[in-house]
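K.L.:
Here it is, the structure, as structure tokens.
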Amino acid sequence: MAKIILTGDRPTGRLHVGHYVGSLRRRVELQNSGEYDKIYIMIADAQALTDNADNPEKVRQNIVEVALDYLACGLDPEKSNLFIQSQIPELCELSFYYMNLVTVSRLQRNPTVKTEIKMRNFETSIPVGFFTYPISQAADITAFHATTVPVGEDQMPMIEQTKEIVHKFNTVYGETLTDPDILLPDNAACMRLPGTDGKAKMSKSLGNCIYLSEEPEEIRKKVMSMFTDPNHLKIDDPGSLEGNTVFTYLDAFCKEEHFERYLPEYPNLDELKAHYQRGGLGDVKVKKFLNHVLQEELEPIRSRRKEYQKDVGYVYDVLKKGSEAAQAAAAQTLDQVRRAMKINYFEDNALIEEQSKKYQ
Ligand code: ATP
Ligand code: MG
């Protein structure tokens, strides 16, 4: 069976380091591994409109921002198909058919959607499109017969929902769709990177982000004002790692070689953590180290982005070509789906003959 990746991001803002460790960094590694037959990376503008219906300009402006972040991180249009969701009408058609296979109560149980509804204060006025976006996400994944979906932990309920739809569809209409697997980051800190304020998740909508395109001075300021252990008041006090954002970020970003370069008195992160917990290690020293680590990781991304920013026309061209190729692939799946669902009336000669005979 072909190995196919589908994943993507909502164009609701520039991408941040949470996206990077949760999914983007992995995508680039998978792309360069050469192990995948096809890689589809989708800018989910239609999904972004489900909770930004009154602000299409925001979505429109951020398409190129997300695409620039992709290219800056090393996604290569020669190897990965970058496309825009709304340009593939087949995805809407597929969602519409899948809606018959999912119950309202099943959608209501989705924990990520529940949290997002609270965050957006939708309460009793949830847009239907937003409520049903897990179904549309199932359409995105299955339209490309994706086998692998590299995403952060918040996407787990979406992949479960997708798998249920695939099983239901294949049971009712015959083996047609491909059952996808989620690919989570292998490091717990990367599954759901907290915001710089220590709050649940770094998220474009919460304003607690370090963006991939951030300038060095901004990165430094954000790191230096990051949430740590509020009870670690004096350097000699023992510090706690639990909920300590600076250490979570080190878990996500730091490699042993960073110690040689920026903090040679410690051989590795375990030793640094042990010292912090014993007492005698100040927050400022740890933050300065994290700043070095982040600056090193983000510098090449920022400078590549600046190069691509000089030719935005090229970026749109990449998305246009990618969208055309993605549309052709989705159209093939829709042919299979229509055939399986027996709604391929005009290519079904047996049906036409049978109906004609009925009235002979
Ligand atoms: P929005 O607030 O508009 O939903 P977002 O910041 O949650 O934006 P998405 O576009 O919804 O970003 O998510 C894109 C991908 O990035 C998903 O795979 C998601 O799991 C991953 N991701 C987003 N935020 C984080 C995070 N803080 N840590 C790890 N992965 C993340
Ligand atoms: Mg999100």
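K.L.:
Can you give the net charge of the other residues whose Cβ lies under 12 Å from the Cβ of GLY207, counting K and R as +1 and D and E as -1?
P.N.:
Taking every other residue near GLY207 into account, the sum is +2.
K.L.:
At 7 Å along the Cα-to-beta-carbon direction for both TYR316 and PHE122, put a label point, then send me their distance in nm to one decimal.
P.N.:
Taking the two extended label points, one gets 3.1 nm.
K.L.:
Could you order the peptides 92-99, 225-232 from most to least packed, using the average number of other C-beta atoms within 10 Å per residue?
P.N.:
So the order, starting with the most tightly packed, is 92-99, 225-232.
K.L.:
Kirkwood hydrodynamic radius, computed over distinct alpha-carbon pairs, for the range 112-206: how many Å, to one decimal?
P.N.:
14.9
K.L.:
What number results when the radius of gyration of the range 229-277, computed over Cα atoms, is divided by 2.2 N^0.38 Å?
P.N.:
Against the compact-globule rule of thumb, the ratio is 1.16.
K.L.:
Once both axes come from the Cα atoms, what is the angle between helix 283-309 and the longest principal axis of the chain, in degrees from 0 to 90, rounded to 10?
P.N.:
Roughly 40 degrees, rounded to the nearest 10.
K.L.:
If you wrap a convex hull around the Cα atoms of the range 4-117, how much volume per residue is inside, in Å³?
P.N.:
Per-residue hull volume (Cα only) is 133 Å³.
K.L.:
While we're on this one: Among GLN309, ASN291, MET226, which residue has its Cα furthest toward the positive end of the charge dipole of the chain, with +1 on Lys/Arg Cβ and -1 on Asp/Glu Cβ?
P.N.:
Towards the positive end, the residue furthest out is MET226.
K.L.:
Work out the FRET efficiency for GLU324 and GLN295 from their Cβ-Cβ distance, taking R0 = 56 Å, and round it to the nearest 0.05.
P.N.:
It comes out at approximately 0.90.
K.L.:
Now a separate question. Would you compute, from DSSP H runs of 4+ residues alone, the mean residue ellipticity of the chain at 222 nm, taking -39500 (n - 2.57) per run and dividing by the full residue count, rounded to the nearest 500?
P.N.:
Using -39500 (n - 2.57) per qualifying helix, the result is -16500 deg cm²/dmol.
K.L.:
Relative contact order for the range 216-308 using alpha-carbon pairs under 8 Å, separation at least 6, rounded to a whole percent?
P.N.:
Computed value for the range 216-308: 36 percent relative contact order.
K.L.:
For the chain, with only Lys/Arg (+1) and Asp/Glu (-1) charged at the beta-carbon, what is the dipole magnitude about the Cα centre, in debye rounded to 20?
P.N.:
620
K.L.:
While we're here: For SER240 and ARG106 in the same chain, what is the full-extension length gain: residue separation times 0.36 nm, less their Cα-Cα distance, in nm?
P.N.:
Extending this stretch completely gives an extra 44.3 nm.
K.L.:
Note the angle between two axes, namely the Cα long axis of helix 133-143 and the longest principal axis of the Cα atoms of the chain, as a number of degrees from 0 to 90, rounded to the nearest 10.
P.N.:
70
K.L.:
What is the distance in Å between the Cα centres of the range 185-227 and the range 281-350?
P.N.:
About 21 Å separates the Cα centre of the range 185-227 from the one of the range 281-350.
K.L.:
Grab the beta carbon distance between LYS285 and GLU29, set R0 = 35 Å, and tell me the FRET efficiency rounded to 0.05.
P.N.:
0.65
K.L.:
Shifting gears a bit: What is the pair-distance distribution P(r) of the chain, computed from all Cα-Cα distances in 10 Å bins starting at 0, with each bin given as a whole percent?
P.N.:
Final binned percentages: 5, 22, 29, 22, 13, 5, 2, 1, 0, 0.
K.L.:
Stokes-Einstein at 37 °C, 0.692 mPa s, Kirkwood radius from Cα pairs: D for the range 22-85 in µm² s⁻¹?
P.N.:
259
K.L.:
Translational diffusion coefficient, Stokes-Einstein: compute it for the range 216-308 using the Kirkwood radius over C-alpha pairs as Rh, at 20 °C and 1.002 mPa s, and state it as an integer in µm² s⁻¹.
P.N.:
155
K.L.:
Right, another one. If you count, for each residue, the other Cβ atoms within 10 Å and average over each peptide, how do 135-142, 31-38 line up from highest to lowest?
P.N.:
Going from most to least packed, we get 135-142, 31-38.
K.L.:
Apply 1/(1 + (r/R0)^6) to the Cβ-Cβ distance of MET156 and GLU353, taking R0 = 41 Å, and write down the FRET efficiency to the nearest 0.05.
P.N.:
0.30
K.L.:
Moving on. Once you list every other residue whose beta carbon is under 12 Å from the beta carbon of GLN87, what net charge do they have if Lys and Arg are +1 and Asp and Glu are -1?
P.N.:
After counting each charged neighbour, the total is -1.
K.L.:
For labels at THR171 and GLN332 in the simple 7 Å Cα→Cβ model, what's the distance in nm?
P.N.:
Label-label distance for THR171 and GLN332, simple model: 2.9 nm.
K.L.:
Treating only the Cβ atoms of Lys and Arg (+1) and Asp and Glu (-1) as charged, compute the dipole magnitude of the range 25-128 about its Cα centre; round to the nearest 20 debye.
P.N.:
Charge dipole of the range 25-128: 460 debye, to the nearest 20.
K.L.:
Let me ask you something else. LYS358: which aspartates and glutamates have alpha carbons under 17 Å from its alpha carbon, excluding same-chain residues fewer than 8 sequence positions away?
P.N.:
Cα-Cα hits under 17 Å: ASP348.
K.L.:
Also: Sum up the charges of everything whose Cβ sits under 15 Å from the Cβ of GLN327, counting Lys and Arg as +1 and Asp and Glu as -1, but leave GLN327 out.
P.N.:
Residues near GLN327 contribute -3 overall.
K.L.:
So for the range 265-332, if I pair up every lysine 8 or more residues apart or on another chain, how many of those pairs have alpha-carbons under 28 Å apart?
P.N.:
Going through the range 265-332 pair by pair, I get 9.
K.L.:
Looking at ALA328, LEU75, CYS254, which one has the Cα that reaches farthest to the positive end of the dipole of the chain (charges on Cβ: Lys, Arg +1; Asp, Glu -1)?
P.N.:
ALA328
K.L.:
Report the label-to-label distance for SER303 and GLU260 in nanometres (one decimal), using points 7 Å from each Cα along the Cα→Cβ vector.
P.N.:
The two pseudo-label positions are separated by 2.1 nm.
K.L.:
Then there's this: If the elastic network links every pair of Cα atoms under 10 Å, which of SER205, SER86, SER213 fluctuates the most in the Gaussian network model of the chain?
P.N.:
Result: SER205 has the largest fluctuation of those listed.
Values quoted throughout were computed directly from the atomic coordinates according to the rules given, and no laboratory measurement underlies them. Since the model is a prediction, treat every value here as computed from it, not as a measurement. Here the Cβ is made from the backbone with ideal geometry for all residues, glycine too, and neighbour counts use every protein chain on show.
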